[in-house]
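Before I ask anything, let me first share the structure, which is written out below as structure tokens.
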Amino acid sequence: MKRFLRFFISKQFLLNIAAIVVVWILIIQLDKWYLKSTTNFGQNIEVPSFYKIHLDDLDEFVKDKNLKYAIVDSVYLDDWPKGTVCWQYPRPTDSSGMGIKEGRTVELSVVPMSPKMVCVPRVTDMSKRMGETTLNSLGIKTKVSYKPHPYAPGFIMEQLLNGKPIDSGVFVPKGSRIELVVSKGNSGEATPLPNVVGLTIKEAQQRFSTLALTVHPECEGCVTEEEIMNAVITRQNPAGGESVTVAAGTTVTVWGTKGGL
């Protein structure tokens, strides 16, 4: 036991302990020096806000800031300026309270210069509420107008873009506004019924649309939609005239001849 205790207080043991301590101190100091020289240990640079900086101005913006940037994503935002930064990581120091090291790359997302295109679905014959929900879920805005019609009220009769019918499957910019023409039933109000004999079916539709009347075309020999629209009307029911009136929402049947023959 005495020999064991003598070993722990011997000169050789104490020298070994001292050597171990010195080596550990050297390792720690070398590690600190390495980390500081290779990782900028302890350095703290404020992160600026890149929000709403335009793509063309980014290089100039980071020129004197010892920072790098990388555009990693694009995000469509209707209410954000096109071509500008809408997201960054790390976040700005003034909001996060954290800085970064010199040379660190800041990741950015930008709003594309061109709007996102979305496919228009068919919403005619849907209820007003369902049609609006369907279009709004795709980022398409809606405008509602009402038109007398003998059908049950509240259903979509037409879908229009810039006043013209738009078919399903057509791509439009996200945020476009489509007008939904909704039936409000037969109001019983009187409206003039002009004589459209001699006009094309397309011209009759345009004229009747301002009078809350609906056209039902018939064209013998017509095959395509274009042939029907360009057919010349030879007869209509009810017959129209200068002093003729009918209830708003009435459907007028017209018979056309292909090519006006």
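Can you tell me how many residues within region 112-132 are assigned to a helix (DSSP H, G or I) and in contact with a Leu (Cβ under 6 Å, 6 or more places away or on another chain)?
Result for region 112-132: 1.
Follow-up question, since we're still on this one. Report those strands (runs of 3 or more DSSP E) wholly inside region 144-261 carrying at least 1 residues which are under 30 Å from Asp78 (Cβ atoms).
Details: elements: 156-161, 171-173, 177-183, 190-192, 214-220, 232-237, 245-247, 251-257.
Counting at least 1 such residues, we get 156-161, 171-173, 177-183.
In region 57-81, which residue that is more than 30 Å from Ser137 (Cβ to Cβ) and acidic (Asp, Glu) is surrounded by the fewest Cβ atoms within 10 Å (Cβ to Cβ)? Step through it out loud before you land on a result.
Initially, region 57-81 is screened for residues more than 30 Å from Ser137 (Cβ to Cβ), giving 57-70.
Remaining after also requiring acidic (Asp, Glu): 57, 59-60, 64.
On the way: Asp57: 12, Asp59: 9, Glu60: 9, Asp64: 7.
Here the residue is Asp64.
Which residues, counting only those in region 92-111, are loosely packed, with under 13 Cβ neighbours inside 10 Å and assigned to a helix (DSSP H, G or I)?
Correct list: Asp94, Ser95, Ser96.
Residue pairs, Cβ under 6 Å, 6 or more apart or interchain, first in region 22-50 and outside the structural domain of Arg91 (by TED's automatic domain parsing), second at pLDDT below 60 and not in a helix (DSSP H, G or I). List them.
Every condition considered, the pairs that remain are Leu35/Phe41.
For Gly99, indicate whether it is in contact with an Asp or Glu (Cβ under 7 Å, 6 or more places away or on another chain), at pLDDT below 85 and of a type outside the set (Phe, Trp, Tyr).
Against the criterion (in contact with an Asp or Glu (Cβ under 7 Å, 6 or more places away or on another chain), at pLDDT below 85 and of a type outside the set (Phe, Trp, Tyr)), Gly99 qualifies.
May I ask you to verify whether Thr210 is exposed (fewer than 13 other Cβ atoms within 10 Å of the Cβ), under 41 Å from the mean Cα position of the chain (by Cα) and farther than 20 Å from Pro148 by Cβ? Break it down into steps so the answer makes sense when it comes.
Numbers: exposed (fewer than 13 other Cβ atoms within 10 Å of the Cβ): yes; under 41 Å from the mean Cα position of the chain (by Cα): yes; farther than 20 Å from Pro148 by Cβ: no.
Answer is no for this residue.
For region 207-261, give me the residue count where each residue is free of Cβ contacts under 8 Å to residues at least 12 places away in the same chain, over 15 Å from Pro194 (Cα atoms) and of a type in the set (Ser, Thr, Tyr).
1
Another question, then. Being under 30 Å from Lys65 (Cβ atoms) and among the basic types (Lys, Arg) is the filter here; which residues of region 96-153 pass it? Even if it seems obvious, please write down each step before you answer.
Taking region 96-153 and keeping what is under 30 Å from Lys65 (Cβ atoms), we get 96-114.
The answer is Lys101, Arg104.
Still on this structure, please answer the following. Condition (residue is farther than 22 Å from Leu213 by Cβ and surrounded by 14 or more Cβ atoms within 10 Å (Cβ to Cβ)) applied to region 156-168: is it met by at least one residue?
yes
Residues checked against (1) aromatic (Phe, Trp, Tyr); (2) in the same structural domain as Tyr69 (by TED's automatic domain parsing); (3) on the phi > 0 side of the Ramachandran plot:
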| site | (1), (2), (3) |
| --- | --- |
| Trp87 | yes, yes, no |
| Ser95 | no, yes, no |
| Glu102 | no, yes, no |
| Val106 | no, yes, no |
| Asn136 | no, no, no |
| Val144 | no, no, no |
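The values are calculated or read from the model by the stated rules, or taken from the named source; none is laboratory data. Predicted, not measured: the structure shown is a model, and the values here were computed from it. For neighbour counting, all protein chains shown are included, and Cβ atoms are generated from backbone atoms with ideal geometry for every residue, glycine included.
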